[in-house]
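Before any comments, here is the structure.
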Amino acid sequence: MSSLRRDIAGLGPEGAEADRRPGLYVHVPFCLRKCDYCAFYSLPEPGWGLISAYLQGLAGEAELCCQDAPDGVSSLFIGGGTPTVLSEEGLSKLLGILTRSFRPDENCEQSVEANPGTLNREKLRILRQAGINRLSLGAQSFSDLLLKSLGRIHRAGEIREGVRLARDAGFSNLNLDLMFGLPGQSLGLWQETLAEAVALAPEHLSLYALTPEEGTPLARRYSDGTACAPSAPLPPRSLPPLPDDEQQAEMYDWAVEYLAARGYLRYEVSNFALPDRECRHNSAVWRGRDYLGLGPGAVSTLRGVRRRNLESVRDYAEHLAQGRNPWEPTGVEVLSAQELRSERLILGLRLREGVCLSAFRRDFGVDLRDIYGEVLARYLRMGVLILGEDSLRLKPAYTFVANAVLKDFV
Ligand code: SF4
């Protein structure tokens with residue numbers, strides 16, 4: 001076992017729980033081109049001028065924010081957007097900024113999101129050299145037809161190549177993001193994608209159901225009739241129908257069993273990992289821990305205060321150049337005790353381990369059962385929730401419909 005592997009394996013969720021330092025999320029708001037279903041804040045085809053303004057802004061923000069993490073950060077997650085759309089020079093600058101201000105230590109989980117169409121040996125070398133020890137690849141599907149219908153820039157061959165290059169570069173902790181419920185996707189096609197993903201032996205898998213978000217090209221194509229009724233012949237540029245809720249649930253349930261049989265345990269509604277390979281950064285957020293968010297559009301939650309950064313890269317960079325905080329004018333919110341408690345419950349119930357009752361009492365000074373007595377009793381009677389000795393959990397059979405249950409706790 002390499003020392004890196006030993007470090008990661010030795011610090012499971014309990015180890016991370018004892019660490020009260022905030023996690024650090026860094027948003028890179030650029031992509032090579034926009035995928036048809038994407039509602040995240042990211043700008044396609046950025047020029048060097050914009051990237052340079054972003055990096056200058058980020059350096060200023062890191063300098064301002066490192067005082068919020070005087071003992072360093074518990075984890076680092078660089079996401080987007082597509083961080084690996086940056087050139088080798090851009091990536092080196094970004095990593096240099098973060099290392100200088102936050103000095104993540106060798107036990108720190110440090111993840112970077114990557115699009116398989118943007119990787120090469122040199123970028124992977126730069127990431128590893130800077131201490132990045134976890135790579136999350138946006139694979140989405142192993143069907144070239146489906147990848148094309150989503151407007152993804154990569155094809156299945158590039159996912160396989162990306163995994164090979166990442167392993168060669170020394171990454172021993174890989175995640176693949178996959179999507180189901182895609183236009184015209186059958187259960188069989190989904191099964192093929194999962195089998196291909198597992199064959200690459202990633203340590204972690206994230207599975208998301210496609211939801212056409214309002215305002216995206218995909219949603220427009222489904223609302224303006226260019227998508228087909230199930231039995232209609234396909235006109236040019238049309239999309240086949242989306243699997244309905246029942247078909248999506250079937251895909252999800254099949255995946256849970258298939259992955260469990262191969263050693264991947266579902267530890268959160270959408271996340272599956274081999275033993276000790278849960279994403280520590282996200283797990284800490286789901287357990288209600290503080291996090292700092294840097295970059296345009298990023299959100300931080302520290303000591304009960306949530307703040308949201310300006311989205312425009314230019315405005316963000318300009319504010320920081322003038323030594324001002326890059327926050328949205330109405331982007332700073334003091335969360336009430338009730339909001340914090342609801343969030344803890346809602347995020348915690350997404351986890352297989354559930355909400356820790358004693359941690360809830362420690363952090364809020366009240367017993368969870370005293371606050372949610374009536375609604376809690378109803379779901380316990382229905383068998384949807386399970387009350388353990390020190391936890392409240394969602395019964396596994398209800399995981400896929402978690403959102404419907406959780407809204408009752410808001
Ligand atoms: S690569 Fe990711 S962030 Fe970029 S457009 Fe596609 S889905 Fe959105």
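Points worth noting:
- Residue check, G304 under 23 Å from the mean Cα position of the chain (by Cα), of a type in the set (G, A, S) and on the phi > 0 side of the Ramachandran plot: yes
- For segment 103-113, filtering for residues that are among the polar types (S, T, N, Q) and either open to solvent by less than 20 Å² (accessible area, probe 1.4 Å) or free of Cβ contacts under 8 Å to residues at least 24 places away in the same chain (or both) leaves 2.
- In segment 72-90, the condition of being without any contact (Cβ under 8 Å) to a residue 24 or more places away in the chain, more than 16 Å from the ligand (Cβ to nearest atom), surrounded by fewer than 17 Cβ atoms within 10 Å (Cβ to Cβ) and over 30 Å from G151 (Cα atoms) is met by no residue.
- Residues in segment 354-366 that are outside any helix (DSSP H, G or I) and surrounded by fewer than 17 Cβ atoms within 10 Å (Cβ to Cβ): G365, V366.
- Some residue of segment 17-32 being within 16 Å of the ligand (Cβ to nearest atom), open to solvent by 30 Å² or more (accessible area, probe 1.4 Å) and in the same structural domain as L135 (by TED's automatic domain parsing): yes
- On the stretch given as segment 317-333, residues that are among the β-branched types (V, I, T) and assigned to a helix (DSSP H, G or I) total 0.
- Residue ranges of helices (runs of 4 or more DSSP H) in segment 114-195 with at least 3 members in contact (Cβ under 8 Å) with a residue 24 or more places away in the chain: 121-129, 156-169
- In the set (1) of a type in the set (A, V, I, L, M); (2) within 13 Å of the ligand (Cβ to nearest atom); (3) surrounded by fewer than 19 Cβ atoms within 10 Å (Cβ to Cβ), L137 fails one condition alone, (3).
- Applying the criterion of being hydroxyl-bearing (S, T, Y) and at pLDDT 95 or above to the residues of segment 38-57, the residue that is nearest to the ligand (Cβ to nearest atom) is Y54.
- Among residues of segment 292-313, those that are surrounded by 23 or more Cβ atoms within 10 Å (Cβ to Cβ) and closer than 16 Å to D19 by Cβ, counted: 1
- In segment 23-56, the residues that are among the polar types (S, T, N, Q) and not in a helix (DSSP H, G or I): S42
- Sole exception among (1) open to solvent by 10 Å² or more (accessible area, probe 1.4 Å); (2) over 25 Å from F40 (Cα atoms) for A166, by number: (1)
- Scanning segment 367-384 for residues that are farther than 25 Å from M251 by Cβ and open to solvent by less than 50 Å² (accessible area, probe 1.4 Å) yields a total of 8.
- Selection from segment 116-161 of residues that are among the acidic types (D, E) and over 25 Å from S186 (Cβ atoms): E122, E161
The values are calculated or read from the model by the stated rules, or taken from the named source; none is laboratory data. Only a predicted model underlies this, so the values are computations on that prediction, with no experimental measurement involved. Ideal geometry is used to build each Cβ from the backbone, glycine not excepted, and the neighbour counts take in all protein chains shown. The protein model used for the area step is the full one, side chains on, heavy atoms only, and it has no ligands, DNA or RNA in it. Shrake-Rupley method; radii C 1.70, N 1.55, O 1.52, S 1.80 Å.
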